[in-house]
Amino acid sequence: MHLNRLIAIIAISVFAFACKEDNSAEENYKKEIAEQVEEEKILEFGFDLKQFEFKRDTVKKGDTFGIILERNNIGYPEIFQIVEKAKDTFDIATKLQVGKPYTLLFSKEETNDSVKKPTTFIYQQNLEDYVVIDFKDSIQAYKSKKPITYVERTATGVIENNISETLEKKGLSQMLAFKMADDIYAWTIDFRRLQPGDRFKVIYTDKYINDSIYAGVHNVKAAYFEHNGDSLYAFQFQTDSIKGIVDYFNEDAKNLRRAFLKMPVKFGRLSSRYNLKRRIAYYGYKIRPHKGTDFAAPVGTPIMATANGTVIESTRRGGNGKYVKIRHNDTYTTQYLHMSRQAVKKGQFVKQGDIIGYVGMTGNTGGPHVCYRFWKNGKQVDPFKQKLPEAKPISDSLKTKYLEHIKPIKQRLDNIFFLEGEPKEMENTITEDQTTDIQ
Ligand SMILES: [Zn+2]
(Lines give C-alpha, C1' and ligand atoms only; values in the text may rest on other atoms or scores of the structure.)
Protein backbone atom coordinates (compact mmCIF):
# COMPACT_ATOMS: atom_id res chain seq x y z
CA MET A 1 0.00 0.00 0.00
CA HIS A 2 1.14 3.46 -0.80
CA LEU A 3 2.11 5.52 2.23
CA ASN A 4 0.77 8.70 0.65
CA ARG A 5 -2.57 7.09 0.20
CA LEU A 6 -2.62 5.95 3.79
CA ILE A 7 -1.80 9.44 5.00
CA ALA A 8 -4.53 10.86 2.79
CA ILE A 9 -7.03 8.38 4.17
CA ILE A 10 -6.06 9.24 7.73
CA ALA A 11 -6.30 12.94 7.01
CA ILE A 12 -9.77 12.62 5.44
CA SER A 13 -10.98 10.37 8.25
CA VAL A 14 -9.69 12.70 10.97
CA PHE A 15 -11.28 15.62 9.22
CA ALA A 16 -14.62 13.83 9.03
CA PHE A 17 -14.35 12.92 12.69
CA ALA A 18 -13.62 16.50 13.71
CA CYS A 19 -16.60 17.87 11.79
CA LYS A 20 -19.30 15.43 12.66
CA GLU A 21 -18.20 14.71 16.19
CA ASP A 22 -20.13 11.50 16.25
CA ASN A 23 -18.98 8.08 17.13
CA SER A 24 -19.77 6.47 13.82
CA ALA A 25 -17.05 8.55 12.21
CA GLU A 26 -14.51 7.17 14.62
CA GLU A 27 -15.81 3.67 13.93
CA ASN A 28 -15.52 4.26 10.20
CA TYR A 29 -12.03 5.55 10.68
CA LYS A 30 -10.96 2.46 12.59
CA LYS A 31 -12.61 0.21 10.05
CA GLU A 32 -10.98 1.98 7.18
CA ILE A 33 -7.50 1.65 8.70
CA ALA A 34 -8.13 -2.01 9.40
CA GLU A 35 -9.11 -2.54 5.78
CA GLN A 36 -6.02 -0.72 4.60
CA VAL A 37 -3.74 -2.84 6.76
CA GLU A 38 -5.46 -5.97 5.56
CA GLU A 39 -4.96 -4.85 1.99
CA GLU A 40 -1.21 -4.65 2.50
CA LYS A 41 0.53 -7.23 0.38
CA ILE A 42 4.00 -8.42 -0.31
CA LEU A 43 3.79 -8.90 -4.03
CA GLU A 44 6.65 -10.82 -5.51
CA PHE A 45 6.93 -13.36 -8.33
CA GLY A 46 3.22 -12.78 -8.97
CA PHE A 47 2.29 -14.11 -5.51
CA ASP A 48 1.11 -12.30 -2.43
CA LEU A 49 3.74 -13.66 -0.07
CA LYS A 50 1.54 -12.63 2.88
CA GLN A 51 -0.72 -15.54 1.97
CA PHE A 52 2.13 -18.00 2.46
CA GLU A 53 4.87 -18.97 4.77
CA PHE A 54 8.03 -18.64 2.76
CA LYS A 55 11.66 -19.56 2.98
CA ARG A 56 14.41 -17.84 1.03
CA ASP A 57 17.81 -19.40 0.43
CA THR A 58 20.53 -19.73 -2.18
CA VAL A 59 21.66 -22.86 -4.01
CA LYS A 60 24.61 -24.28 -2.08
CA LYS A 61 27.44 -26.43 -3.39
CA GLY A 62 26.13 -29.97 -3.77
CA ASP A 63 22.49 -28.85 -3.84
CA THR A 64 20.15 -30.19 -6.48
CA PHE A 65 16.45 -29.57 -6.90
CA GLY A 66 15.87 -33.06 -5.51
CA ILE A 67 18.06 -32.50 -2.46
CA ILE A 68 16.41 -29.16 -1.69
CA LEU A 69 12.88 -30.63 -1.92
CA GLU A 70 13.86 -33.71 0.03
CA ARG A 71 15.18 -31.48 2.79
CA ASN A 72 11.73 -29.93 2.79
CA ASN A 73 9.83 -33.19 3.19
CA ILE A 74 8.96 -34.00 -0.39
CA GLY A 75 9.72 -37.54 -1.42
CA TYR A 76 11.33 -38.97 -4.52
CA PRO A 77 8.51 -40.24 -6.67
CA GLU A 78 6.96 -36.81 -6.48
CA ILE A 79 10.27 -35.03 -7.19
CA PHE A 80 10.71 -37.10 -10.38
CA GLN A 81 7.20 -36.19 -11.48
CA ILE A 82 7.84 -32.49 -10.90
CA VAL A 83 11.16 -32.54 -12.77
CA GLU A 84 9.58 -34.41 -15.68
CA LYS A 85 6.59 -32.07 -15.98
CA ALA A 86 8.72 -28.94 -15.64
CA LYS A 87 11.36 -30.09 -18.14
CA ASP A 88 9.91 -28.36 -21.19
CA THR A 89 9.92 -25.03 -19.39
CA PHE A 90 13.11 -25.38 -17.36
CA ASP A 91 15.44 -28.28 -16.75
CA ILE A 92 15.41 -27.90 -12.99
CA ALA A 93 17.38 -31.10 -12.44
CA THR A 94 20.54 -29.83 -14.15
CA LYS A 95 20.34 -26.07 -14.44
CA LEU A 96 20.43 -24.89 -10.84
CA GLN A 97 23.55 -22.79 -10.28
CA VAL A 98 25.39 -22.43 -6.99
CA GLY A 99 24.80 -19.04 -5.40
CA LYS A 100 21.51 -18.29 -7.14
CA PRO A 101 18.57 -17.48 -4.86
CA TYR A 102 15.41 -19.52 -4.56
CA THR A 103 12.21 -19.17 -2.58
CA LEU A 104 9.95 -21.92 -1.27
CA LEU A 105 6.30 -21.17 -0.55
CA PHE A 106 4.33 -23.12 2.06
CA SER A 107 0.58 -23.02 2.47
CA LYS A 108 -0.73 -21.30 5.61
CA GLU A 109 -3.75 -23.60 5.69
CA GLU A 110 -3.86 -26.17 8.44
CA THR A 111 -3.31 -29.66 7.15
CA ASN A 112 -3.43 -33.07 8.73
CA ASP A 113 0.22 -33.60 7.87
CA SER A 114 2.50 -33.18 10.82
CA VAL A 115 5.27 -31.83 8.56
CA LYS A 116 5.12 -28.73 6.40
CA LYS A 117 5.59 -29.29 2.68
CA PRO A 118 6.28 -26.55 0.16
CA THR A 119 3.81 -25.96 -2.66
CA THR A 120 5.97 -23.79 -4.89
CA PHE A 121 9.64 -23.47 -5.81
CA ILE A 122 10.82 -20.19 -7.33
CA TYR A 123 14.29 -20.02 -8.81
CA GLN A 124 15.89 -16.69 -9.77
CA GLN A 125 18.14 -16.97 -12.80
CA ASN A 126 19.18 -13.35 -12.46
CA LEU A 127 17.83 -10.13 -10.98
CA GLU A 128 15.14 -10.03 -13.60
CA ASP A 129 14.20 -13.55 -14.70
CA TYR A 130 12.74 -16.27 -12.56
CA VAL A 131 11.17 -19.70 -12.93
CA VAL A 132 8.12 -20.80 -10.95
CA ILE A 133 7.54 -24.50 -10.35
CA ASP A 134 4.17 -24.86 -8.71
CA PHE A 135 3.12 -28.28 -7.41
CA LYS A 136 0.30 -27.41 -5.06
CA ASP A 137 -2.36 -29.43 -6.87
CA SER A 138 -1.27 -30.06 -10.40
CA ILE A 139 2.30 -29.42 -11.51
CA GLN A 140 2.88 -26.23 -13.42
CA ALA A 141 6.07 -24.54 -14.51
CA TYR A 142 6.54 -21.15 -16.11
CA LYS A 143 9.12 -18.45 -16.60
CA SER A 144 8.51 -14.84 -15.77
CA LYS A 145 10.21 -11.50 -15.25
CA LYS A 146 10.12 -9.04 -12.42
CA PRO A 147 8.58 -5.71 -13.36
CA ILE A 148 11.11 -3.33 -14.86
CA THR A 149 11.01 0.42 -14.68
CA TYR A 150 13.19 2.92 -16.43
CA VAL A 151 14.06 6.30 -15.00
CA GLU A 152 15.44 8.99 -17.21
CA ARG A 153 18.29 11.04 -15.76
CA THR A 154 20.81 13.63 -16.79
CA ALA A 155 24.37 14.04 -15.63
CA THR A 156 27.36 16.26 -16.25
CA GLY A 157 31.03 15.83 -15.48
CA VAL A 158 34.44 17.42 -15.93
CA ILE A 159 37.52 15.29 -16.46
CA GLU A 160 40.35 15.79 -14.00
CA ASN A 161 42.35 12.64 -14.69
CA ASN A 162 40.09 10.13 -16.33
CA ILE A 163 36.43 9.42 -16.88
CA SER A 164 36.18 6.59 -14.33
CA GLU A 165 37.37 8.87 -11.57
CA THR A 166 34.98 11.63 -12.58
CA LEU A 167 32.03 9.22 -12.61
CA GLU A 168 33.04 7.70 -9.31
CA LYS A 169 33.34 11.08 -7.58
CA LYS A 170 29.83 11.92 -8.73
CA GLY A 171 28.39 8.58 -7.75
CA LEU A 172 27.54 7.73 -11.35
CA SER A 173 27.67 4.27 -12.89
CA GLN A 174 30.87 3.23 -14.69
CA MET A 175 28.56 1.85 -17.37
CA LEU A 176 28.21 5.42 -18.59
CA ALA A 177 31.92 5.39 -19.42
CA PHE A 178 31.67 2.08 -21.28
CA LYS A 179 28.66 3.24 -23.24
CA MET A 180 30.32 6.51 -24.19
CA ALA A 181 33.74 5.02 -24.92
CA ASP A 182 32.63 1.85 -26.75
CA ASP A 183 29.25 2.63 -28.28
CA ILE A 184 29.05 6.33 -28.85
CA TYR A 185 32.45 8.00 -29.20
CA ALA A 186 34.67 4.99 -29.98
CA TRP A 187 35.50 6.48 -33.38
CA THR A 188 35.79 10.12 -32.45
CA ILE A 189 37.33 10.30 -28.98
CA ASP A 190 40.22 8.29 -27.58
CA PHE A 191 39.12 7.95 -23.96
CA ARG A 192 42.64 7.17 -22.81
CA ARG A 193 43.71 10.59 -24.02
CA LEU A 194 41.05 12.73 -22.42
CA GLN A 195 42.38 16.09 -21.24
CA PRO A 196 41.78 17.76 -17.90
CA GLY A 197 38.88 20.12 -18.48
CA ASP A 198 37.19 17.92 -21.09
CA ARG A 199 33.58 17.69 -20.03
CA PHE A 200 30.35 16.00 -20.86
CA LYS A 201 26.59 16.05 -20.47
CA VAL A 202 24.45 13.00 -20.90
CA ILE A 203 20.77 12.05 -20.97
CA TYR A 204 20.32 8.40 -20.08
CA THR A 205 17.95 5.89 -18.52
CA ASP A 206 18.59 3.83 -15.43
CA LYS A 207 16.95 0.44 -15.09
CA TYR A 208 15.25 -0.75 -11.92
CA ILE A 209 13.77 -4.10 -11.05
CA ASN A 210 10.68 -4.08 -8.81
CA ASP A 211 11.11 -0.31 -8.53
CA SER A 212 13.90 -0.87 -6.04
CA ILE A 213 16.85 -2.89 -7.34
CA TYR A 214 19.23 -0.85 -9.45
CA ALA A 215 20.16 -2.81 -12.55
CA GLY A 216 22.49 -0.36 -14.22
CA VAL A 217 22.40 2.09 -17.08
CA HIS A 218 19.96 0.87 -19.67
CA ASN A 219 20.50 3.31 -22.45
CA VAL A 220 22.14 6.58 -23.41
CA LYS A 221 19.70 8.70 -25.35
CA ALA A 222 21.95 11.65 -26.06
CA ALA A 223 25.35 12.94 -25.10
CA TYR A 224 27.54 15.96 -25.52
CA PHE A 225 31.31 15.87 -25.13
CA GLU A 226 33.82 18.69 -25.24
CA HIS A 227 37.21 17.32 -26.16
CA ASN A 228 40.26 18.99 -27.70
CA GLY A 229 38.22 22.08 -28.49
CA ASP A 230 35.57 20.07 -30.31
CA SER A 231 31.93 19.89 -29.27
CA LEU A 232 30.61 16.47 -30.09
CA TYR A 233 26.90 15.83 -29.97
CA ALA A 234 25.49 12.33 -30.14
CA PHE A 235 21.84 11.39 -30.51
CA GLN A 236 20.54 7.86 -30.57
CA PHE A 237 18.29 7.10 -33.49
CA GLN A 238 16.75 3.97 -34.92
CA THR A 239 17.43 3.77 -38.63
CA ASP A 240 15.87 0.37 -39.20
CA SER A 241 12.95 -0.61 -37.03
CA ILE A 242 12.69 -4.08 -38.60
CA LYS A 243 16.31 -5.05 -38.03
CA GLY A 244 16.40 -2.92 -34.89
CA ILE A 245 19.45 -0.98 -36.02
CA VAL A 246 20.21 1.87 -33.68
CA ASP A 247 23.10 4.25 -34.20
CA TYR A 248 24.37 7.56 -32.89
CA PHE A 249 24.44 10.59 -35.13
CA ASN A 250 25.60 14.14 -34.59
CA GLU A 251 23.57 17.35 -34.91
CA ASP A 252 24.02 17.29 -38.70
CA ALA A 253 22.82 13.68 -38.99
CA LYS A 254 26.34 12.36 -39.57
CA ASN A 255 26.94 8.87 -38.25
CA LEU A 256 29.42 8.89 -35.36
CA ARG A 257 30.49 5.38 -36.22
CA ARG A 258 33.19 5.06 -38.84
CA ALA A 259 33.51 2.35 -41.42
CA PHE A 260 36.81 1.44 -39.67
CA LEU A 261 37.68 0.82 -36.05
CA LYS A 262 40.54 2.96 -34.76
CA MET A 263 42.58 -0.08 -33.84
CA PRO A 264 42.41 -3.84 -34.38
CA VAL A 265 42.87 -4.69 -30.67
CA LYS A 266 40.71 -3.53 -27.78
CA PHE A 267 43.39 -2.85 -25.23
CA GLY A 268 46.61 -2.39 -27.10
CA ARG A 269 49.41 0.13 -26.79
CA LEU A 270 50.35 2.00 -29.93
CA SER A 271 54.03 1.03 -30.00
CA SER A 272 55.17 2.24 -33.40
CA ARG A 273 53.41 4.52 -35.82
CA TYR A 274 53.47 4.61 -39.58
CA ASN A 275 56.76 6.39 -40.31
CA LEU A 276 58.48 6.58 -43.68
CA LYS A 277 61.68 7.96 -42.12
CA ARG A 278 62.12 5.44 -39.35
CA ARG A 279 65.74 4.60 -38.47
CA ILE A 280 66.51 1.45 -36.58
CA ALA A 281 69.73 0.69 -34.68
CA TYR A 282 69.61 -2.94 -35.77
CA TYR A 283 69.91 -1.85 -39.40
CA GLY A 284 72.79 0.59 -38.64
CA TYR A 285 70.39 3.55 -38.33
CA LYS A 286 69.60 3.32 -42.01
CA ILE A 287 66.15 4.44 -42.97
CA ARG A 288 63.75 1.52 -42.82
CA PRO A 289 60.33 2.94 -43.45
CA HIS A 290 57.58 1.47 -41.26
CA LYS A 291 54.45 1.36 -43.29
CA GLY A 292 52.39 -0.28 -40.61
CA THR A 293 51.11 0.76 -37.25
CA ASP A 294 52.15 -1.49 -34.38
CA PHE A 295 49.95 -2.23 -31.40
CA ALA A 296 51.68 -4.08 -28.58
CA ALA A 297 49.46 -6.52 -26.71
CA PRO A 298 49.96 -9.84 -24.91
CA VAL A 299 50.17 -13.03 -26.97
CA GLY A 300 46.67 -14.38 -27.50
CA THR A 301 44.89 -11.00 -27.47
CA PRO A 302 42.08 -11.16 -30.05
CA ILE A 303 42.63 -9.18 -33.25
CA MET A 304 39.52 -7.69 -34.80
CA ALA A 305 38.65 -6.84 -38.38
CA THR A 306 38.53 -3.04 -38.38
CA ALA A 307 35.78 -3.03 -41.02
CA ASN A 308 33.44 -5.34 -42.92
CA GLY A 309 35.10 -7.14 -45.79
CA THR A 310 36.30 -10.35 -47.41
CA VAL A 311 39.43 -12.22 -46.33
CA ILE A 312 41.71 -12.31 -49.38
CA GLU A 313 44.73 -13.88 -47.64
CA SER A 314 45.16 -15.95 -44.50
CA THR A 315 48.60 -17.48 -44.63
CA ARG A 316 52.20 -17.41 -43.33
CA ARG A 317 55.00 -15.71 -45.24
CA GLY A 318 58.54 -14.60 -44.30
CA GLY A 319 58.83 -11.57 -42.03
CA ASN A 320 55.07 -11.08 -41.91
CA GLY A 321 54.67 -14.36 -40.09
CA LYS A 322 51.05 -15.50 -39.87
CA TYR A 323 48.78 -12.81 -41.24
CA VAL A 324 45.32 -12.00 -42.55
CA LYS A 325 44.50 -9.55 -45.32
CA ILE A 326 40.99 -8.18 -45.81
CA ARG A 327 39.57 -6.34 -48.79
CA HIS A 328 36.86 -3.94 -47.72
CA ASN A 329 35.90 -2.32 -51.02
CA ASP A 330 37.52 -0.91 -54.15
CA THR A 331 39.41 1.63 -52.08
CA TYR A 332 40.46 -0.01 -48.82
CA THR A 333 42.36 -3.13 -47.80
CA THR A 334 43.82 -3.94 -44.36
CA GLN A 335 46.39 -6.47 -43.18
CA TYR A 336 47.27 -7.83 -39.74
CA LEU A 337 50.71 -9.37 -39.16
CA HIS A 338 52.64 -11.56 -36.67
CA MET A 339 49.62 -13.53 -35.45
CA SER A 340 50.04 -16.53 -33.17
CA ARG A 341 47.19 -18.02 -35.19
CA GLN A 342 44.50 -16.95 -37.62
CA ALA A 343 40.81 -17.42 -36.92
CA VAL A 344 39.51 -16.95 -40.47
CA LYS A 345 39.99 -18.52 -43.88
CA LYS A 346 40.48 -17.03 -47.33
CA GLY A 347 37.17 -16.15 -48.95
CA GLN A 348 35.36 -15.67 -45.66
CA PHE A 349 33.22 -12.57 -45.11
CA VAL A 350 33.95 -10.77 -41.85
CA LYS A 351 32.15 -8.00 -40.04
CA GLN A 352 33.67 -5.06 -38.20
CA GLY A 353 34.81 -6.24 -34.78
CA ASP A 354 34.90 -9.96 -35.70
CA ILE A 355 37.90 -11.83 -34.31
CA ILE A 356 40.17 -12.75 -37.22
CA GLY A 357 43.21 -14.00 -35.26
CA TYR A 358 45.33 -13.62 -32.13
CA VAL A 359 48.39 -11.54 -31.28
CA GLY A 360 51.64 -13.47 -31.55
CA MET A 361 55.31 -13.19 -32.48
CA THR A 362 55.54 -14.98 -35.82
CA GLY A 363 57.81 -13.47 -38.49
CA ASN A 364 60.20 -10.57 -37.79
CA THR A 365 59.21 -9.13 -34.49
CA GLY A 366 60.94 -8.24 -31.24
CA GLY A 367 57.87 -8.70 -29.08
CA PRO A 368 54.20 -9.60 -29.21
CA HIS A 369 52.27 -7.08 -31.30
CA VAL A 370 50.05 -6.77 -34.29
CA CYS A 371 51.37 -4.79 -37.21
CA TYR A 372 48.36 -3.18 -38.84
CA ARG A 373 48.71 -2.18 -42.48
CA PHE A 374 46.26 0.03 -44.22
CA TRP A 375 45.95 0.36 -47.98
CA LYS A 376 44.10 3.08 -49.80
CA ASN A 377 43.89 2.67 -53.56
CA GLY A 378 46.78 0.20 -53.52
CA LYS A 379 49.13 2.41 -51.45
CA GLN A 380 50.01 1.89 -47.81
CA VAL A 381 48.97 4.93 -45.82
CA ASP A 382 48.80 6.03 -42.18
CA PRO A 383 45.32 5.08 -40.93
CA PHE A 384 45.53 7.81 -38.28
CA LYS A 385 45.93 10.46 -40.95
CA GLN A 386 42.94 9.29 -42.95
CA LYS A 387 39.58 10.91 -42.86
CA LEU A 388 37.80 7.60 -42.61
CA PRO A 389 34.41 7.18 -44.22
CA GLU A 390 31.26 7.39 -42.13
CA ALA A 391 29.74 3.97 -41.38
CA LYS A 392 26.25 4.25 -42.79
CA PRO A 393 24.96 7.68 -43.57
CA ILE A 394 21.38 8.37 -42.64
CA SER A 395 19.08 8.06 -45.64
CA ASP A 396 17.71 11.28 -47.12
CA SER A 397 14.16 10.21 -46.37
CA LEU A 398 15.01 9.70 -42.70
CA LYS A 399 17.16 12.79 -42.32
CA THR A 400 14.25 15.22 -41.97
CA LYS A 401 12.61 12.92 -39.45
CA TYR A 402 15.86 12.64 -37.53
CA LEU A 403 16.42 16.39 -37.38
CA GLU A 404 12.85 16.84 -36.10
CA HIS A 405 13.39 14.09 -33.54
CA ILE A 406 16.56 15.54 -32.06
CA LYS A 407 15.36 19.16 -31.88
CA PRO A 408 13.79 18.93 -28.39
CA ILE A 409 16.51 16.58 -27.16
CA LYS A 410 19.26 18.93 -28.25
CA GLN A 411 17.43 21.78 -26.59
CA ARG A 412 17.33 19.76 -23.40
CA LEU A 413 21.02 18.95 -23.62
CA ASP A 414 21.89 22.60 -24.23
CA ASN A 415 19.84 23.58 -21.19
CA ILE A 416 21.72 21.28 -18.86
CA PHE A 417 24.28 23.52 -17.27
CA PHE A 418 27.62 22.53 -15.92
CA LEU A 419 27.62 23.13 -12.21
CA GLU A 420 29.93 25.07 -9.92
CA GLY A 421 33.49 24.16 -10.79
CA GLU A 422 32.51 23.61 -14.41
CA PRO A 423 32.45 27.24 -15.51
CA LYS A 424 31.52 28.00 -19.07
CA GLU A 425 34.47 30.41 -19.44
CA MET A 426 36.80 27.47 -19.05
CA GLU A 427 35.72 26.27 -22.44
CA ASN A 428 38.63 24.95 -24.49
CA THR A 429 41.19 25.83 -21.85
CA ILE A 430 43.15 23.19 -20.06
CA THR A 431 43.86 23.67 -16.38
CA GLU A 432 45.63 21.38 -14.01
CA ASP A 433 43.73 22.28 -10.88
CA GLN A 434 40.17 22.13 -12.15
CA THR A 435 37.91 21.14 -9.30
CA THR A 436 35.10 18.70 -9.76
CA ASP A 437 31.56 19.74 -9.26
CA ILE A 438 29.30 18.27 -6.68
CA GLN A 439 25.89 17.32 -7.90
ZN1 LIG B 1 54.86 -3.07 -37.84
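The table for this structure:
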item: Distance between the stretch 110-187 and the stretch 349-388 - C-alpha centres, whole angstrom; result: 39 Å
item: Sequence-distant lysines (8 or more away, or on other chains) whose Cα lies within less than 18 Å of K277; result: K286, K291, K379, K385
item: For the stretch 158-286, accessible area per residue (1.4 Å probe, heavy atoms of protein chains only), Å²; result: 51 Å²
item: Accessible area (Å², 1.4 Å probe, nearest 10) - D198; result: 10 Å²
item: Directionally averaged projected area (convex hull, Cα atoms, the stretch 132-289), nm²; result: 16.6 nm²
item: Apportionment of accessible area to carbon and sulfur, the stretch 125-272, percent (1.4 Å); result: 46 percent
item: Debye-sum result for the stretch 134-194 in log10 I(q)/I(0), which assumes one identical scatterer on each alpha carbon, at q = 0.15, 0.17, 0.27, 0.30 Å⁻¹; result: -0.59, -0.68, -1.19, -1.30
item: Residue-by-residue Karplus 3J(HN,Hα) for the stretch 80-88, coefficients 6.51, -1.76, 1.60, Hz, glycine and proline x; result: 4, 4, 4, 4, 4, 5, 7, 3, 5
item: Part-to-part distance (alpha-carbon centres) for the stretch 201-257 and the stretch 40-67, which is given in Å; result: 38 Å
item: Accessible solvent surface per residue of the stretch 301-429, calculated while the other protein chains remain in place, 1.4 angstrom probe, Å²; result: 55 Å²
item: Percent accessible area from carbon and sulfur atoms, the stretch 279-383, protein chains only, probe 1.4 Å; result: 48 percent
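The values are calculated or read from the model by the stated rules, or taken from the named source; none is laboratory data. Quick caveat: nothing in here was measured; it's all calculated off a predicted structure. SASA here: full protein model, heavy atoms, side chains in, ligands and nucleic acids out. Shrake-Rupley method; radii C 1.70, N 1.55, O 1.52, S 1.80 Å.
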